[in-house]
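S.K.: Once you've had a glance at the structure underneath, I'll fire off some questions.
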Amino acid sequence: MYHILISDKLGKAGLERLDQMDDIQYDLKPGLSKAELLEIIPSYDGLIIRSGTQVDADVLTAATNLKVVGRAGMGVDNIDIEAATMRGVIVMNTPGANSIATAEQTMALMLAVNRHTAPAHASLLAGEWARSQFVGTELYGKTLGIIGFGRIGRLVAERAKAFGMEIMAFDPYVSPETGQSLGVTMVDLDSLLAQADIITLHTAVTPETTRMINADAIARMKESVILINVARGKLVDEAALAEALQNGRVRAAAIDVYSSEPPTGNPLIGLPNALHTPHLGASSKEAQRNVAVQIAEQMADALRGDDVRNALNTPF
């Protein structure tokens with residue numbers, strides 16, 4: 001019998017899939033403190049998380065029986081992969097399971113921030129009829145700059161083309177020929193920053209990309225650019241972006257993710273030209289079902305030794 005701890009909320013479909021497995025036993029315990037997690041983690045062979053649980057070196061050291069950490073989702077910046085590797089613990093995620101949801105949230109925010117949807121709604125609820133205050137900007141004919149051209153970046157490009165946008169992308173791992181085959185111009189980062197009317201982020205957090213949108217990058221952007229972030233909050237220097245929004249260097253921003261969540265004391269919160277959502281990129285019913293079922297099946301197969309899919313490391 002394999003014992004799995006699920007320390008963040010997981011979709012019902014994933015739990016039902018685990019219930020069907022005779023050799024799997026799981027405990028659903030979301031909201032554990034670090035002390036509570038350290039106390040119970042030695043009993044488990046597998047750990048399923050989302051973005052809430054921090055799997056750091058302390059947790060991995062305490063997890064003496066742990067064999068697999070499964071992230072129901074794509075981002076793994078809350079997992080110390082190096083420490084996991086050194087302890088022989090497999091780290092896996094579920095790429096692609098929530099890509100459509102994230103791409104659609106990107107487009108939703110892009111449209112909403114350009115058409116002032118949220119403040120217009122609030123104004124109408126307050127009894128106002130201030131149409132002239134909310135004149136928006138069309139997406140048609142604008143240049144969209146996509147930073148990170150993997151699954152989600154490509155889905156965003158496909159949808160943005162339907163709005164008649166010109167698409168350029170920066171990704172050092174994607175060839176110009178690949179971009180050309182998708183109707184996208186691959187450029188270097190400086191060119192993208194200088195030419196894009198709207199910039200959207202779809203890259204992973206690495207030492208190279210952490211706070212890549214900083215004061216220097218903002219200074220190289222086109223005047224009155226709009227920034228969309230449905231990827232990871234740590235990609236952005238939030239204080240620098242807040243200053244740029246206040247002085248008009250960046251016209252507006254639509255933010256779904258934050259360096260610390262919930263974003264208590266975040267300098268972006270409350271700015272009139274910043275639109276916010278609480279990390280809803282993967283929050284569709286379809287995506288929740290997909291990631292839950294996929295991580296349940298991946299975890300079981302890995303523990304049994306049958307198959308290891310979407311592993312991000314090789315145990316030492």
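The values are calculated or read from the model by the stated rules, or taken from the named source; none is laboratory data. Because the structure is a prediction, the values reported are computed rather than measured. Virtual Cβ from ideal backbone geometry, glycine too; neighbours counted across all protein chains shown.
S.K.: Across the stretch 257-292, what is the number of residues that are free of Cβ contacts under 8 Å to residues at least 24 places away in the same chain and either among the basic types (K, R) or in contact with a Ser or Thr (Cβ under 8 Å, 6 or more places away or on another chain) (or both)?
M.R.: Total satisfying the criteria: 1.
S.K.: Of all residues being among the hydrophobic types (A, V, I, L, M, F, W, C) and assigned to a loop (DSSP other than H, G, I, E, B) in the stretch 74-118, which is surrounded by the fewest Cβ atoms within 10 Å (Cβ to Cβ)? Just the residue, please. Outline the logic, then answer.
M.R.: Keep residues of the stretch 74-118 that are among the hydrophobic types (A, V, I, L, M, F, W, C), which gives 74, 76, 79, 81, 83-84, 86, 89-92, 97, 100-101, 103, 107-113, 118.
Cutting the leftovers down to assigned to a loop (DSSP other than H, G, I, E, B) gives us 74, 76, 89, 97.
On the way: M74: 23, V76: 21, V89: 23, A97: 23.
Per the stated criteria, the residue is V76.
S.K.: Give all pairs with beta carbons closer than 8 Å in which a residue from the stretch 77-101 that is at positive phi and touching a residue at least 24 places away in the same chain (Cβ under 8 Å) meets a residue that is part of a loop (DSSP other than H, G, I, E, B) and surrounded by fewer than 17 Cβ atoms within 10 Å (Cβ to Cβ); count only pairs at least 6 apart in sequence or on separate chains.
M.R.: The qualifying pairs are G88/P315; G88/F316.
S.K.: Considering the stretch 1-21 alone, what residues qualify as being closer than 18 Å to N93 by Cβ and free of Cβ contacts under 8 Å to residues at least 60 places away in the same chain? Explain how you work it out, then say what you get.
M.R.: Here is the first cut: in the stretch 1-21, the residues closer than 18 Å to N93 by Cβ are 4-11, 13-14, 17-18.
If the condition is that a residue be closer than 18 Å to N93 by Cβ and free of Cβ contacts under 8 Å to residues at least 60 places away in the same chain, then L5, I6, S7, K9 are the ones that fit.
S.K.: Could you tell me which of the residues D216, D197 is modelled with pLDDT of 95 or more, under 17 Å from E166 (Cα atoms) and charged (D, E, K, R)?
M.R.: Working: D216 fails: under 17 Å from E166 (Cα atoms).
Being modelled with pLDDT of 95 or more, under 17 Å from E166 (Cα atoms) and charged (D, E, K, R) holds for just one of D216, D197, which is D197.
S.K.: State which residue is modelled with the lowest pLDDT when the search covers only the stretch 275-303 and only residues that are among the aliphatic types (A, V, I, L, M) and within 18 Å of the chain's Cα centre (by Cα). Reasoning before the result, please.
M.R.: So in the stretch 275-303, the residues among the aliphatic types (A, V, I, L, M) come out as 275, 280, 282, 287, 291-293, 295-296, 299-300, 302-303.
Of the ones still in play, those that are also within 18 Å of the chain's Cα centre (by Cα) are 275, 280, 282, 287, 291-292, 295.
On the way: L275: 98, L280: 95, A282: 89, A287: 94, V291: 95, A292: 96, I295: 97.
Among them, the one singled out is A282.
S.K.: Let me ask something else about it. Starting from residues that are of a type in the set (D, E, K, R) and over 17 Å from S284 (Cβ atoms), keep the ones in the stretch 80-136 and report whichever is farthest from the chain's Cα centre (by Cα). Reasoning before the result, please.
M.R.: From the stretch 80-136, those of a type in the set (D, E, K, R) are 80, 82, 87, 104, 115, 128, 131; that's our starting set.
Among the residues that remain, those that are also over 17 Å from S284 (Cβ atoms) are: 80, 82, 87, 115, 128, 131.
Working: D80: 17, E82: 21, R87: 27, R115: 24, E128: 36, R131: 34 Å.
Ranking the candidates gives E128 first.
S.K.: Next question, about the same structure. What are the residue pairs meeting all of these: first residue in the stretch 144-167, first residue within 20 Å of I213 (Cα to Cα), second residue among the charged types (D, E, K, R), Cβ atoms under 6 Å, and 6 or more apart or on different chains?
M.R.: Sorted first by the residue in the stretch 144-167, then by its partner, the pairs are G148/D171; F149/D171.
S.K.: Answer yes or no as to whether T64 is under 26 Å from A282 (Cβ atoms) and among the hydroxyl-bearing types (S, T, Y).
M.R.: Details: under 26 Å from A282 (Cβ atoms): no; among the hydroxyl-bearing types (S, T, Y): yes.
So T64 does not fit the description; no.
S.K.: Among D27, D22, which is among the acidic types (D, E), in the same structural domain as V91 (by TED's automatic domain parsing), surrounded by fewer than 19 Cβ atoms within 10 Å (Cβ to Cβ) and outside any loop (DSSP other than H, G, I, E, B)? Outline the logic, then answer.
M.R.: Values: D22 fails: outside any loop (DSSP other than H, G, I, E, B).
Every option except D27 fails the conditions.
S.K.: I've got another one for you. Can you work out which of the residues in the stretch 181-200 that are over 23 Å from the mean Cα position of the chain (by Cα) and of a type outside the set (A, V, I, L, M) is nearest to N114 (Cα to Cα)?
M.R.: Q195
S.K.: For the list (1) closer than 24 Å to D27 by Cβ; (2) in contact (Cβ under 8 Å) with a residue 12 or more places away in the chain; (3) surrounded by fewer than 16 Cβ atoms within 10 Å (Cβ to Cβ), I need the number of the one condition that I295 fails.
M.R.: Unmet for I295, out of (1) closer than 24 Å to D27 by Cβ; (2) in contact (Cβ under 8 Å) with a residue 12 or more places away in the chain; (3) surrounded by fewer than 16 Cβ atoms within 10 Å (Cβ to Cβ): (3).
S.K.: Which of the following residues is under 15 Å from the mean Cα position of the chain (by Cα) and of a type outside the set (V, I, T): K161, K222, K234? Working first, answer last.
M.R.: Details: K161 fails: under 15 Å from the mean Cα position of the chain (by Cα); K222 fails: under 15 Å from the mean Cα position of the chain (by Cα).
Result of the check over K161, K222, K234: K234.
S.K.: Picking from A196, A215, A239, which residue would you name as being assigned by TED's automatic domain parsing to the domain that holds A112 and under 11 Å from I147 (Cβ atoms)? I'd like the intermediate steps shown before the answer.
M.R.: Working: A215 fails: under 11 Å from I147 (Cβ atoms); A239 fails: under 11 Å from I147 (Cβ atoms).
Unique residue meeting the criteria: A196.
S.K.: Then there's this: Please go through the stretch 55-72 and give me each residue that is buried (at least 22 other Cβ atoms within 10 Å of the Cβ) and in a loop (DSSP other than H, G, I, E, B), ordered by number. Outline the logic, then answer.
M.R.: Start the filter on the stretch 55-72 by keeping residues that are buried (at least 22 other Cβ atoms within 10 Å of the Cβ), which leaves 55, 59-60, 63, 66, 68-72.
Within the stretch 55-72, A63, L66, A72 qualify.
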